[in-house]
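Chemist: There's a structure below that I have some questions on.
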Amino acid sequence: MRPALARLAVAPFEAAIAALLVISGLAALAGYGLTDPVQALLPGWEATVLAVMSVASGLGMGAGIAAGRRGTEAAGLLFLLAVITSRFLLTGHVLGYGPRFVVTGVFDAAVAWAALARLGTLARGQVIVRVSGERM
């Protein structure tokens with residue numbers, strides 16, 4: 001358990017996004033909390049698919065980071081890209097790609113860019129190393 005927590009601590013933002021995806025997906029499935037405007041406008045089956053994909057994405061990312069399994073993390077990131085791209089397109093379609101879309105569009109684009117950057121890191125086999133002390 002301790003090695004898994006140590007790996008999660010090296011990538012705290014990724015771990016936080018993974019947890020947020022799981023929690024928000026489960027809340028949407030349970031109908032708990034604030035209603036997501038995109039999900040409120042979608043047919044029920046589509047909203048359910050996005051919520052399930054959010055949970056799968058968060059679980060994949062979190063488990064992949066914790067276990068040091070880049071394939072599992074990559075699968076979660078690919079699910080995240082599917083969810084965020086779908087939300088980007090659906091929000092733009094509903095609100096129009098104008099001033100009301102800017103904040104959501106920029107946020108979604110930033111998350112997609114970060115997921116692609118992380119996927120590139122995983123594909124190259126690069127790892128994050130924590131160095132303690134003054135020397136390397």
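Chemist: Within the chain, which whole H helices from DSSP have a Cα span along their axis of at least 20 Å and a mean Kyte-Doolittle hydropathy of 1.0 or more, if any?
Modeler: Qualifying helices, which must be both long enough and hydrophobic enough, are 12-30, 44-67, 70-95, 102-123.
Chemist: Suppose every Lys and Arg Cβ carries +1 and every Asp and Glu Cβ carries -1, with no other charges. What dipole size does the chain come out with about its Cα centre, to the nearest 20 debye?
Modeler: With Lys and Arg at +1 and Asp and Glu at -1, about 500 debye.
Chemist: Highest first, please rank the peptides 112-125, 73-86 by the mean number of other Cβ atoms sitting within 10 Å of their residues.
Modeler: Top to bottom by mean Cβ count within 10 Å: 73-86, 112-125.
Chemist: Here's a follow-up. Can you find, among L77, A11, L90, the residue sitting farthest towards the positive end of the charge dipole of the chain, where Lys and Arg contribute +1 and Asp and Glu -1 at Cβ?
Modeler: A11
Chemist: Give me the Kirkwood hydrodynamic radius of segment 1-123, using the inverse of the mean 1/r over all pairs of distinct Cα atoms, in Å to one decimal.
Modeler: 14.9
Chemist: Continuing with the same structure: Highest GNM mean-square fluctuation, the chain, Cα pairs closer than 10 Å: which of V38, V52, V22?
Modeler: V38
Chemist: Let me ask something additional. Given a cut-off of under 8 Å on Cα pairs at least six residues apart, what relative contact order in percent is computed for segment 2-123?
Modeler: Relative contact order here is 24 percent.
Chemist: While we're here: With n ≥ 4 as the cut-off for DSSP H runs, can you work out [θ] at 222 nm for the chain, using -39500 (n - 2.57) per run divided by the number of residues, rounded to the nearest 500?
Modeler: -26000 deg cm²/dmol
Chemist: According to a simple spin-label model (label point 7 Å from Cα along Cα-to-Cβ), what is the distance in nm between A16 and V52?
Modeler: Result: 3.1 nm between the two label points.
Values quoted throughout were computed directly from the atomic coordinates according to the rules given, and no laboratory measurement underlies them. Quantities reported herein were computed from a predicted structural model and do not represent experimental measurements. No Cβ is skipped: glycine too gets one built from the backbone with ideal geometry, and neighbour counts run over all protein chains shown.
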